[in-house]
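Colleague: What follows is a single structure, and I will ask about it in a moment.
The values are calculated or read from the model by the stated rules, or taken from the named source; none is laboratory data. Keep in mind the model is a prediction, meaning the values are calculated, not measured. Note: ideal-geometry Cβ built from the backbone for every residue, glycine included; neighbour counts use all protein chains shown.
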Amino acid sequence: MRLIADSGSTKTTWCILDLNRGKTEFLKTRGINPYYQDHNTIIKTLKEDFESSQRQFDAIYFYGAGCANPEINKTAREALSCFFRANRIEITSDLMAAAHALCGEEEGIACILGTGSNSCYYDGATITANVSPLGFILGDEGSGAVIGKKLLADILKKQLPQEIIELFFNTYKTDAAEILHHIYKKPFPNRYAAGFTHFISEHISYPSLRQLVKTSFNEFLERNVRQYEKAQHLPIHFVGSIAWHFNEILKESLIENNLKPGKIIKDPMPELIEYHSKH
């Protein structure tokens with residue numbers, strides 16, 4: 001019995017994989033990010049959200065946003081070992097989840113475009129190069145958080161057509177004070193900002209909103225993907241809700257930047273199940 005977890009800033013998808021019976025059970029909890037959350041907060045989330053009675057596993061494979069160094073991974077491992085019983089617990093980054101899901105055992109460039117963004121060069125076994133995403137404030141180009149942040153800024157600074165501005169406020173029944181409070185005072189402003197990508201998706205026929213998304217993707221490719229030595233010779237793969245929902249614009253950006261579009265998937269879990277069924 002194995003437990004696979006794919007955890008981002010917004011949600012965690014869990015799969016209980018019973019190889020002997022060929023059965024799988026899926027659950028969802030809130031996002032678990034040990035970079036922002038301590039041991040007790042992670043335990044609290046698991047107690048409140050993890051609905052399966054199954055707690056004993058041969059191995060747990062936890063792929064998580066924020067799981068980028070040994071000290072942070074230790075926090076996640078200790079929390080998981082308190083809640084579950086397992087012979088083996090492996091903690092690695094959500095970027096490795098993307099690499100395993102998108103590339104398997106092949107060489108390629110694996111990218112994440114979800115609430116946050118990230119990318120790497122994967123040689124078929126390990127990640128050997130990674131341009132630091134730098135997070136919501138300094139980086140995360142092309143992510144839902146940054147696209148949402150750009151939208152909010154353009155709305156409040158009246159950089160979009162009045163029709164869009166009125167449509168936005170009619171949709172969300174909010175005002176500048178409430179938006180600024182969420183961004184600067186409340187926890188997880190990245191999640192809050194990313195939530196407004198739904199508005200863009202629903203109204204993508206407006207040229208200014210389409211251009212906002214495309215500009216963000218071009219920034220991601222220029223500031224991240226192009227830094228990999230083999231980027232122009234390998235397929236550029238993507239996983240994540242933003243890549244999936246805006247895949248046509250993403251493919252346009254790749255082609256216009258002389259890059260080769262690869263796989264674009266919304267959720268890595270089906271491919272992770274296949275990967276861990278073999279390994």
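Colleague: Identify all residues within segment 53-73 that are assigned to a loop (DSSP other than H, G, I, E, B), surrounded by fewer than 12 Cβ atoms within 10 Å (Cβ to Cβ) and either touching a residue at least 40 places away in the same chain (Cβ under 8 Å) or not hydroxyl-bearing (S, T, Y) (or both); write none if there are none.
Modeller: Of everything in segment 53-73, those that are assigned to a loop (DSSP other than H, G, I, E, B), surrounded by fewer than 12 Cβ atoms within 10 Å (Cβ to Cβ) and either touching a residue at least 40 places away in the same chain (Cβ under 8 Å) or not hydroxyl-bearing (S, T, Y) (or both) turn out to be R55, N69.
Colleague: Pick out the one residue from L95, L46 that is at pLDDT 90 or above and of a type in the set (A, V, I, L, M, F, W, C).
Modeller: Going through L95, L46 in turn, just one is at pLDDT 90 or above and of a type in the set (A, V, I, L, M, F, W, C): L95.
Colleague: Follow-up question, since we're still on this one. If R77 passes every condition in (1) among the basic types (K, R); (2) surrounded by 14 or more Cβ atoms within 10 Å (Cβ to Cβ); (3) assigned to a strand (DSSP E or B) but one, which one does it miss?
Modeller: The number of the failed condition is (3).
Colleague: While we're here: Report whether or not A110 is modelled with pLDDT of 95 or more, closer than 19 Å to E274 by Cβ and not polar (S, T, N, Q).
Modeller: yes
Colleague: Where residues in segment 1-12 are over 15 Å from T92 (Cα atoms) and in a strand (DSSP E or B), which of them is modelled with the highest pLDDT?
Modeller: My answer is R2.
Colleague: Name the single residue, out of those in segment 264-279 being modelled with pLDDT under 95 and touching a helix residue (DSSP H, G or I) at 6+ places or on another chain (Cβ under 6 Å), that is surrounded by the fewest Cβ atoms within 10 Å (Cβ to Cβ).
Modeller: K266
Colleague: For segment 13-37, which residues satisfy the criterion of being more than 18 Å from K278 (Cα to Cα), hydroxyl-bearing (S, T, Y) and at pLDDT below 90?
Modeller: Matches in segment 13-37: Y35, Y36.
Colleague: Condition first: surrounded by fewer than 14 Cβ atoms within 10 Å (Cβ to Cβ) and over 17 Å from the mean Cα position of the chain (by Cα). Now tell me which residues in segment 7-40 satisfy that.
Modeller: D18, L19, N20, R21, G22, K23, E25, F26, D38, N40
Colleague: For segment 130-180, give me the residue count where each residue is basic (K, R) and without any contact (Cβ under 8 Å) to a residue 40 or more places away in the chain.
Modeller: Residues flagged as basic (K, R) and without any contact (Cβ under 8 Å) to a residue 40 or more places away in the chain within segment 130-180 amount to 3.
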